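Data first, discussion second: the structure below is written as structure tokens.
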Amino acid sequence: MSNKVQGRTISSARKLTTVAIMSALATVLMYLEFPVPLVPAFIKLDFSELPALLTSFALGPWYGVLVCLVKNLLHMPASSSAFIGELSNFLLGTLFVLPAGYIYQHKRSKKNALLGSLVGALCMTALSFFTNNYIVYPFYAKAFMPEQAILSAYQAILPGVKNLAQAILIFNVPFTFVKGMLDVLLTFLLYKRISPLILGESRPKKKDKKHTG
């Protein structure tokens, strides 16, 4: 089985190989997470969505989602949050790469790549409030840390925070937006360089200029 991308046929074997490689890279990037100022220590920044977004552009949105799934499954043995962090990462990553990939697949152009990336980042940002408030943090409170302890971590930074929903809106949503924008920037810096490798192409060689005289 194979499909065509901009006139190029990509075999199922190459697609699966690409997903495996990009999932491994994304898993490594998950391990390279680091804390950032002005948010509680349990919120960390990583760039593991980058390989998933690149895959979504190169092969299609559901392959990007597959990278999001596999990287989190691979990271679960090292989880320090009873797998809640992995759940959050998967949900947010899917909200990012799925709309981005669909928009780009509709018409493959630099403009659509930018539009898709921005729409994906905005979807992830807007819906992160609901995933955190109604799915991730309720699970986290039951399995790992009481809700009041979570709230206290936010209040240590901003004492005026009254409840968890307010904390998510003030801290998590802007954090998610910044993370998405960084991934968009990195994607634009890297995609043109590595897409031939993902798609199994070779770069055209530059012609030597002939000098006369």
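The values are calculated or read from the model by the stated rules, or taken from the named source; none is laboratory data. What you are looking at is a predicted structure, and each value in this text was computed from that prediction instead of being measured. All Cβ positions, glycine included, derive from the backbone under ideal geometry; neighbour counts span all protein chains shown. Accessible surface is based on the protein model in full, side chains and every heavy atom, while ligands, DNA and RNA are left aside. Shrake-Rupley method; radii C 1.70, N 1.55, O 1.52, S 1.80 Å.
Figures for the structure shown
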read-out	value
Stokes-Einstein D (µm²/s) once Rh is taken as the Kirkwood radius of the stretch 72-179 over alpha-carbon pairs, at 25 °C in 0.890 mPa s	163 µm²/s
GNM top mover of LEU151, LEU118, LEU16 - the chain, alpha-carbon springs below 10 Å	LEU16
Pair GLN155, ASP46: separation of 7 Å Cα→Cβ label points (nm)	3.1 nm
Debye intensity ratio I(q)/I(0), log10, the stretch 1-105, q values 0.11, 0.12, 0.14 Å⁻¹ (C-alpha model)	-0.35, -0.41, -0.54
Volume of the Cα convex hull of the stretch 55-114, divided per residue and given in Å³	67 Å³
Accessible area in square angstrom per residue, the stretch 94-182, 1.4 angstrom probe	52 Å²
Shape box of the stretch 17-68 [Cα atoms, principal axes, largest first, Å]	37, 17, 12
Degrees, to the nearest 10: 12-31 long Cα axis against longest axis of the chain	40 degrees
Listed residues GLN105, GLN166, GLN148, most fluctuating in the chain (Gaussian network, C-alpha, under 10 Å)	GLN148
Estimated FRET transfer efficiency when R0 is 41 angstrom, pair LEU190-ALA165 (beta carbons, to 0.05)	0.70
Full-stretch length increase - LEU114, ALA126 - with 0.36 nm per residue and alpha-carbon distance subtracted	2.5 nm
With Cα atoms, 0 to 90° folded angle of helix 84-106 axis to the chain main axis	40 degrees
Most fluctuating residue given options ALA26, ALA121, ALA143, as computed from a GNM of the chain linking Cα atoms under 10 Å	ALA143
Cut-off under 5 Å, modelled amide H: who pairs with LEU45 long-range	PHE34, VAL36
For the chain, alpha-carbon Rg over 2.2 N^0.38 Å	1.17
Mean Cβ neighbour count within 10 Å, used as a protection proxy, ranking 34-44, 76-86 highest first	76-86, 34-44
